[in-house]
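Remarks on the structure that follows.
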Amino acid sequence: MRILVKMAGIFCIMAASAAAGAELERRCRKRWLILREMYETLLFLEKEMTYHRSPIREAFLCASKRCRTELGAALEQTAEQIGQRSGAPFARMWEEALGARLPRGLLSPEDMELFRETSAALCSADVVTQKMLLEKYTDRFRAASEREAEVCREKGGLYRRLAAAAGILLVILLL
């Protein structure tokens, strides 16, 4: 009976360790996906807003349908707030949507600041300035996405292996 309890404990420790490693890897991939999706969204919005001259609300709704992460919900919420015509500044609507829809603690403060700064490019009245700003932020998100992809490649498997090693160490210490 005692051996069965120990085996059950070992199994629980190893399962928890494996789950912790998988969660760390998932969070890393999620950061990369959100940054890459913002890059792709900015490319789409540049075409919609500067070439097709779509209103920002329509462009956001179209872009949100293309999203697979929480970014789509942030775009939808912003479009909804624009449609309400409350008179609130766009930057505040964008920041509220990001705060409400993007997972807390997932992105670094620098990445969140980059998301907030993007509001200047999204609501510019001058088409030439808007195109220039959209290109600027597209490049910045591309670089951030590439940087995060490299981090995921380096650390993704490492998280799982270290978590498994920590589980084995904990089992040895408790035996």
Treating only Lys and Arg (+1) and Asp and Glu (-1) as charged, each at its beta carbon, one finds that region 31-77 has a dipole about its Cα centre, in Debye to the nearest 20, of 80
Where does region 55-103 land on Rg(C-alpha)/(2.2 N^0.38 Å)?
1.04
Between the alpha-carbon centers of region 24-72 and region 123-175, tell me the distance in whole angstrom.
17
What is the helix-to-structure angle for 56-66, meaning the angle in degrees between its Cα long axis and the longest Cα principal axis of the chain, kept from 0 to 90 and rounded to the nearest 10?
30
Quick one: putting +1 on the C-beta of Lys and Arg, -1 on the C-beta of Asp and Glu, what dipole do you get for region 1-148 around its Cα centre, in Debye to the nearest 20?
580
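When N counts the residues of the chain, how does its alpha-carbon radius of gyration compare numerically with 2.2 N^0.38 Å, as a ratio?
Cα Rg divided by the expected 2.2 N^0.38 Å: 1.38.
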ALA125-LEU162 FRET efficiency (beta carbon distance; Förster radius 41 Å; 0.05 resolution):
0.20
Hey, if you put +1 on the Cβ of every Lys and Arg and -1 on every Asp and Glu Cβ in the chain, which of LEU4, GLY105, MET93 ends up farthest toward the positive end of that dipole?
LEU4
What is the Cα radius of gyration of region 1-44 over 2.2 N^0.38 Å, N being its residue count?
2.05
Cβ-based charge dipole, region 1-137, positive-most Cα from ALA15, LEU45, THR69
ALA15
Count of lysine pairs in the chain with Cα atoms under 16 Å apart, counting only pairs 8 or more residues apart in sequence or on different chains?
4
Helix-only [θ] at 222 nm, the chain, -39500 (n - 2.57) per DSSP H run of 4+, per residue, nearest 500, equals -28000 deg cm²/dmol
Work out from phi, with θ = phi - 60° and the Karplus expression 6.51 cos²θ - 1.76 cosθ + 1.60, the ³J(HN,Hα) of each residue of region 132-147, listed in order in whole Hz, and give x for Gly and Pro.
4, 5, 4, 5, 4, 6, 4, 5, 5, 6, 4, 5, 5, 5, 5, 5
Across bins of 10 angstrom width beginning at 0, how are the C-alpha pair distances of region 54-145 distributed, in whole percent?
16, 51, 31, 2
How much of the accessible area of the chain, in percent, comes from carbon and sulfur atoms when a 1.4 Å probe is used?
59
What per residue convex hull volume, in Å³, do the alpha-carbon atoms of region 1-90 yield?
130
What FRET efficiency, computed as 1/(1 + (r/R0)^6) with R0 = 30 Å and r the Cβ-Cβ distance, is obtained for LEU106 and ASP139, rounded to the nearest 0.05?
0.85
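The values are calculated or read from the model by the stated rules, or taken from the named source; none is laboratory data. Worth saying up front: this structure is predicted, and the values here are computed from it rather than measured. Here Cβ is always computed from backbone atoms with ideal geometry, including for glycine, and neighbour counts include all displayed protein chains. Please note that ligands, DNA and RNA were not included when accessible areas were found on the heavy atoms of the full protein model with its side chains. Shrake-Rupley method; radii C 1.70, N 1.55, O 1.52, S 1.80 Å.
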